[in-house]
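The values are calculated or read from the model by the stated rules, or taken from the named source; none is laboratory data. Bear in mind that the values here come from a model prediction, so they are computed numbers and not experimental data. Positions of Cβ are generated from backbone atoms using ideal geometry, with glycine treated the same way; all protein chains shown enter the neighbour counts.
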Amino acid sequence: MKLGLRIMLILAMFLAGCSNKSDDPVVGVKAEDAEMNNAMAEAKSTVAGFVERMKNPQPKDYGFSVKKKIEDGDKVEFFWLSDITYADGKFTGTLGNNPQIVSNVEFGQKMSVGETEIADWMYLDGDKMVGNYTLRVLLKRMSKEEADTLRKQFQIDD
């Protein structure tokens, strides 16, 4: 059976900058999910603005992160890399979640992802979340209460 894409939704990371909780929720998304694929394409098409902001952050900016796809055989899981740096078209950071599907990476591992290979990007401007296009898709699929809580907490306009 073909496994769909898995999106690692780590809300604690946005608050604390990093999470090592093993019970962070994993949300299954099929590989052919057009809305999610469009969100990842939008993230890739806007990454230059993200890089520019990362290089020239404003006083309230923090939590710059990129999402990387990890494959382990036929298993796929996406992870946020935190504490990122950028050089020569690549982001390097720390894997911010414990794997729940793949077993070839571990929490805290340093890794890189090419600018053209990211699945998403995000940062916080004070309390306002910028980017995180994949979460914006998932908000539409959550209960109204969950989605409203996140929208309010992170001042998300979607």
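With respect to the stated conditions, Thr92 is in a strand (DSSP E or B), more than 23 Å from Gln155 (Cβ to Cβ), modelled with pLDDT of 90 or more and of a type in the set (S, T, N, Q).
If only residues of the range 112-124 that are in a strand (DSSP E or B) and surrounded by 15 or more Cβ atoms within 10 Å (Cβ to Cβ) are counted, the one that is modelled with the lowest pLDDT is Leu124. Residue count for the range 34-75 under the criterion of being surrounded by 13 or more Cβ atoms within 10 Å (Cβ to Cβ), acidic (Asp, Glu), touching a residue at least 40 places away in the same chain (Cβ under 8 Å) and outside any helix (DSSP H, G or I): the result is 1.
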